[in-house]
Amino acid sequence: MTLVSCSQPEAAPTGVVAEKAMVVSAREEASRIGLEVLRKGGNAFDAMVATEIALASAYPFAGNLGGGGFMVYRTADGEAGSLDYREKAPLAAHKDMYLDSLGNPVPDLSRKGATAVGVPGTIAGIFEVHRRFGSLPMSELLAPTIELCERGVRVTEKQAERLASYFEVMAEVNGDSILFANDCQPGDTLRYAALARTLQRISDNGRDEFYKGETARTLVGFLQERGGYITMEDMARYQAVWRDPVVFQYKDLKVISMAPPSSGGVTMQQILRMMEPYDLASMGQHTSRSIQLFTEAARRAYADRNYYLGDPDFVDIPMEELLNAEYLKARMKTFSFDSATPSDQVSEGKLMLRESEETTHYSIVDQWGNAVSATTTLNGAYGSKLYCTPLGFFLNNEMDDFSAKPGVPNMFGLIGAEANSIAPEKRMLSSMTPTIVERDGKLWMVVGTPGGSTIITAVSQTILNVYEFGQSMQQAVSAPRFHHQWLPDLIVFEPEGFSDALKDSLRNLGYHINENRTPIIGKVDAIRVLPDGRLEGGADPRGDDTAVGF
Ligand code: DON
């Protein structure tokens, strides 16, 4: 073991650079709507509200009214906090709701259609952010998206491909009556008239329109006709919750990230602090040694994640123990560069990581230095695939993030335990990791990504790419990524950027490597504050992601 090294000097920017303010999101339309709010004098929180809602029409794959998310912020004067607008299990939910009479999980029930839907949190989230920090009227923040819905959104090539690949299952879930059940071509324009009307009602009547008003009644009726569980009482009881973020030091960085019910902050903290005693920079990026070190830390951290973490309103999470310095040191005692530590047991579930980018992240810095990092999701691609035609949006399948049965993997191959079992009104454990990083006490990076279980490793690697390996924000976002999550006991590499020789050397050390499927990992959208105070965007070329600023 070597002593902690100094970090790399800051790399020159290679991404979009702006003087004062920036928004990076999954679609140019949404980034621009957020930026326009800043240009008008709105702050980062106003821009968050506008961008979150814009994504529901510009990026319906993951942007949503029918899902939920997490937002981490840091104000210009250094105050940090976070908002949990995660979905909740309905009151009628129970532990075994997705098991058949023999006690085996029926995955379709928690993944497709009305039975998979958790009580949506997004509208509560934006109203809570606005109530506490907003400076422009809500109607001004919703108006640009209402206009966009009416004007229509151009279908990109990537979007057309995605729509085509989910066409069949959408038709299965919805019949042929939905907006998307036709043959979309790149360049086509999709108009969202029903969504525009829903947003107009929310703009006129406020938060309760969604949770208690006509919109709630339409949604609940729609879901119940299709076998769903959500009632008017569930809607009325939903609340977004301010939570203390997870804050920790990695070398001279201060990392601020999401606390449970997301595992993101705790698990990233474990990974980075287990790696901290090593001189990662001198090992080099994507060398066998640096991949080994990251993998072994991730393996141990995910094992803890899957066992200990769940909704803190329901389970006692031994946070102090999990984050204790001696404990983390002891966890790495079994690690040696000579050979892989096999995961406790070999998973019987096959690798279920897919090209799954169905969540979406956006990063915002305003002209005063307030920062917002938000990740929002429907869970799967287009969520449960169930499209509420009268209201104009997709509904989540977040219930699959619960552990339907201890030991049985969910959609992301994550094995859960009792801490993440289903209970009425409980929030399902997440991996979403919206993060803000300070350096020398100043705002330095805003970062996050989709990618299910790979979110935590992708965010960790992006931070390390800049800090340890001297990359620019854009290079760090574009760089190839790899992932390990304890079970299945596999290092998953992206298709490009890792040589056969590297993989052979890891195999010789006892690592198992994904051979068949090489998914892309994450779609990171990030902002770095440069030493001169300007901002560099990192917009992931894996998607249509776009950084804009002024
Ligand atoms: O909260 C979570 O961890 C998941 N529902 C996130 C899903 C996701 O990132 C989908 N994209 N791969």
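Only helical runs count toward this figure. For the chain, summing -39,500 (n - 2.57) over DSSP H runs of n ≥ 4 and dividing by all residues gives -10000 deg cm²/dmol at 222 nm. If R0 is taken as 41 Å, the Cβ-Cβ distance between Glu233 and Glu19 corresponds to a FRET efficiency of 0.25.
Each peptide among 79-91, 485-497 gets the average number of other Cβ atoms lying within 10 Å of its residues, and from highest to lowest they stand as 79-91, 485-497. Sorted fewest first by neighbouring Cβ atoms within 10 angstrom, Lys405, Lys158 come out as Lys158, Lys405.
Overall, the chain carries a charge dipole of about 220 debye about its Cα centre when +1 sits on the Cβ of Lys and Arg and -1 on the Cβ of Asp and Glu, all other atoms neutral.
Here Ala143 and Leu509 are evaluated by their C-beta separation; at R0 = 60 Å the FRET efficiency comes out at 0.55.
Once you sort the root eigenvalues of the Cα gyration tensor of the range 93-205 as a ≥ b ≥ c, which label holds: rounded (a/c under 1.5), prolate (a/b larger than b/c) or oblate (the other case)? The shape class here is oblate.
Pull up the DSSP beta bridges for the chain and report the antiparallel fraction as a percent, rounded to 5. In the chain, DSSP labels about 95 percent of beta bridges as antiparallel. Hydrophobic long helices, here whole DSSP H runs in the chain with Kyte-Doolittle means of at least -1.0 and Cα atoms spread over 15 Å or more along the helix axis, are found at 28-39, 44-58, 122-133, 138-151, 157-174, 193-205, 214-225, 264-275, 288-308, 455-467.
Full extension of the chain between Asp279 and Glu214 gives 17.6 nm of extra length, using 0.36 nm per residue less the Cα-Cα distance. Think of the range 480-550 as a dipole: +1 on every Lys or Arg Cβ, -1 on every Asp or Glu Cβ, centred on the Cα centre; then among Phe498, Gly522, Leu509, Leu509 lies furthest on the positive end. Note: relative contact order over the chain, using C-alpha pairs below 8 Å and six or more positions apart, is 27 percent. Bridgeable aspartates and glutamates around Lys251 (alpha carbons under 13 Å apart, same-chain partners fewer than 8 residues away excluded): Glu276, Asp279, Glu438, Asp440, Glu468. For the range 110-164, applying the loop criterion from DSSP together with a ceiling of 14 other beta carbons within 10 Å to the GluC sites (Glu not before Pro) yields no site. For the residue pairs Lys20/Lys426; Lys212/Lys426; Lys333/Lys442; Lys20/Lys212, the alpha carbons lie more than 30 Å apart in Lys20/Lys426; Lys333/Lys442; Lys20/Lys212.
Since every read-out is calculated from the coordinates, none of them should be taken as a lab result. Owing to the predicted nature of the structure, the values given are computational and were not obtained by experimental measurement. Please note: Cβ atoms are built from the backbone with ideal geometry, for glycine as well, and neighbour counts cover all protein chains shown.
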